[in-house]
């Protein structure tokens, strides 16, 4: 793991932490006065609830990626970065360049997505 790789990981983490904070603020600071108090039609709730649900789903996704980045940084520290957590083989540099927090090789990641054990 080079210094450049570590700097990219830290920069990605810092950027994502900022994004998570902004998304959380946007989702949680919606003015309740925007929501109709007694809607005459359920469709009136749609824009308010839909925007908030999208923001909360995005927040969950961003938090998940942030957790993966934190785990990758821990792997850098313990020397296991770049090795698949399932099979132990090296993760190709092209995959790590595309997904620097990847914990699995392509084969094991595909199997995991399909619910199979490698």
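Would you mind stating whether residue 77 is at pLDDT 90 or above, over 23 Å from residue 110 (Cα atoms) and over 19 Å from the mean Cα position of the chain (by Cα)?
yes
Please tell me if residue 27 is part of a helix (DSSP H, G or I), modelled with pLDDT of 90 or more and on the phi < 0 side of the Ramachandran plot.
Spelling it out, it is not the case that residue 27 is part of a helix (DSSP H, G or I), modelled with pLDDT of 90 or more and on the phi < 0 side of the Ramachandran plot.
Among the residues that make up region 48-62, is at least one of them surrounded by 13 or more Cβ atoms within 10 Å (Cβ to Cβ), under 15 Å from residue 8 (Cβ atoms) and touching a helix residue (DSSP H, G or I) at 6+ places or on another chain (Cβ under 6 Å)?
Checked against the condition, which is being surrounded by 13 or more Cβ atoms within 10 Å (Cβ to Cβ), under 15 Å from residue 8 (Cβ atoms) and touching a helix residue (DSSP H, G or I) at 6+ places or on another chain (Cβ under 6 Å), region 48-62 yields no hits at all.
Under 8 Å by Cβ, and 6 or more places apart or on different chains, what pairs join a residue from region 52-68 that is in the same structural domain as residue 15 (by TED's automatic domain parsing) with one that is not in a helix (DSSP H, G or I)?
52/30; 65/101; 68/101; 68/103
The values are calculated or read from the model by the stated rules, or taken from the named source; none is laboratory data. Here the structure is a predicted model, which is why all the values come from computation and not from measurement. Neighbour counts run over all protein chains shown; Cβ positions are idealised from the backbone, glycine included.
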